[in-house]
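Below is one structure; the comments refer to it alone.
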Ligand code: PMT
């Protein structure tokens with residue numbers, strides 16, 4: 001029962017977490033499962049889009065014929081893959097939970113537990129979404145914001161700082177929203193509007209999100 005409104009459009013979606021290696025056996029990661037991004041990809045594909053789905057480590061699967069799935073591990077790999085495709089993208093949706101920092105050096109061998117404390121120096125990762133904002137030509141650019149406090153203010157800040165057309169806010173203060181689970185609760189914020197949605201399955205959140213985008217790009 002999906003419409004075919006995205007026929008002829010290329011939609012680029014980032015999904016999942018990134019893993020930042022510490023040594024050959026350990027990494028810094030986060031709780032993203034990839035479910036939100038894969039749900040958006042599936043729905044966009046159902047609506048006729050050509051979907052480029054770039055995902056960090058996730059057990060989600062996809063075999064939709066309209067979805068070209070690229071699996072990456074780190075933020076730097078995700079960055080490189082995104083910019084292979086960004087130029088020819090009509091709609092870009094960044095739902096990945098990208099690590100903001102990565103270990104400055106990756107130890108070649110497993111770090112031994114010889115000392116009572118261990119310090120790992122972290123350096124900032126490239127901001128993929130911010131760079132998409134800087135390189136924007138024709139793309140309709142959608143970010144996500146995962147917040148725990150001052151949610152709307154922080155999301156609005158990201159909308160402006162990253163040169164987005166809209167941002168999807170989910171808050172860890174809302175039960176059933178955000179990471180891992182099958183549901184999410186979102187607010188969509190544009191420069192001139194704030195729309196609040198009920199708690200629903202990530203599949204239905206994806207539908208709301210794409211309906212909203214379709215309405216925006218048809219204006
Ligand atoms: O995967 P699930 O378990 O289904 O969970 C879904 C989700 C909670 C991960 C998803 O709904 C979500 O909120 N994704 C964004 C998480 C996040 O990292 O938000 P942020 O506020 O830290 O980042 C803001 C935006 O910048 C995001 O669009 C993010 O993809 C992007 N970003 C951030 C840092 C970075 N280095 N590069 C980026 O592109």
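Can you tell me which residue in region 33-72 is nearest to residue 128 (Cα to Cα), limited to those that are part of a helix (DSSP H, G or I) and touching a strand residue (DSSP E or B) at 6+ places or on another chain (Cβ under 7 Å)?
37
Please count how many residues of region 91-121 are within 13 Å of the ligand (Cβ to nearest atom) and in contact (Cβ under 8 Å) with a residue 60 or more places away in the chain.
10
Taking region 145-158 as the region of interest, how many residues are at positive phi and either in contact (Cβ under 8 Å) with a residue 60 or more places away in the chain or near the ligand (Cβ under 10 Å from one of its atoms) (or both)? Before you say what the answer is, go through the steps one by one.
Residues of region 145-158 that are at positive phi, as a first pass: 150.
Subset that is either in contact (Cβ under 8 Å) with a residue 60 or more places away in the chain or near the ligand (Cβ under 10 Å from one of its atoms) (or both): none.
Looking only at that region, the number is 0.
How about region 176-192: which of its residues are at negative phi and in contact with a strand residue (DSSP E or B) (Cβ under 9 Å, 6 or more places away or on another chain)? Break it down stepwise before answering.
Within region 176-192, the first condition is being at negative phi, and the residues that meet it are 177, 179, 181-192.
Scanning region 176-192 gives 177, 179, 182, 183, 184, 185, 186, 187, 188, 189, 190, 191.
Take residue 11 and decide whether it is more than 13 Å from the ligand (Cβ to nearest atom), assigned to a strand (DSSP E or B), within 23 Å of residue 158 (Cα to Cα) and touching a residue at least 24 places away in the same chain (Cβ under 8 Å).
Details: more than 13 Å from the ligand (Cβ to nearest atom): yes; assigned to a strand (DSSP E or B): yes; within 23 Å of residue 158 (Cα to Cα): yes; touching a residue at least 24 places away in the same chain (Cβ under 8 Å): yes.
When the stated conditions are applied, residue 11 passes them.
Looking at 184, 154, which one is over 15 Å from the mean Cα position of the chain (by Cα), modelled with pLDDT of 95 or more and either under 23 Å from residue 5 (Cβ atoms) or crowded, with 16+ Cβ neighbours inside 10 Å (or both)?
Residue meeting the stated conditions: 154.
It is to be established whether one or more residues within region 159-171 are more than 8 Å from the ligand (Cβ to nearest atom), surrounded by fewer than 22 Cβ atoms within 10 Å (Cβ to Cβ), under 17 Å from the mean Cα position of the chain (by Cα) and over 25 Å from residue 79 (Cβ atoms).
Yes; the residues of region 159-171 include at least one that is more than 8 Å from the ligand (Cβ to nearest atom), surrounded by fewer than 22 Cβ atoms within 10 Å (Cβ to Cβ), under 17 Å from the mean Cα position of the chain (by Cα) and over 25 Å from residue 79 (Cβ atoms).
The values are calculated or read from the model by the stated rules, or taken from the named source; none is laboratory data. Since this is a predicted model, take the numbers as computed values, not measurements. Glycine gets a Cβ as well: all are built from the backbone with ideal geometry, and neighbour counts include every protein chain shown.
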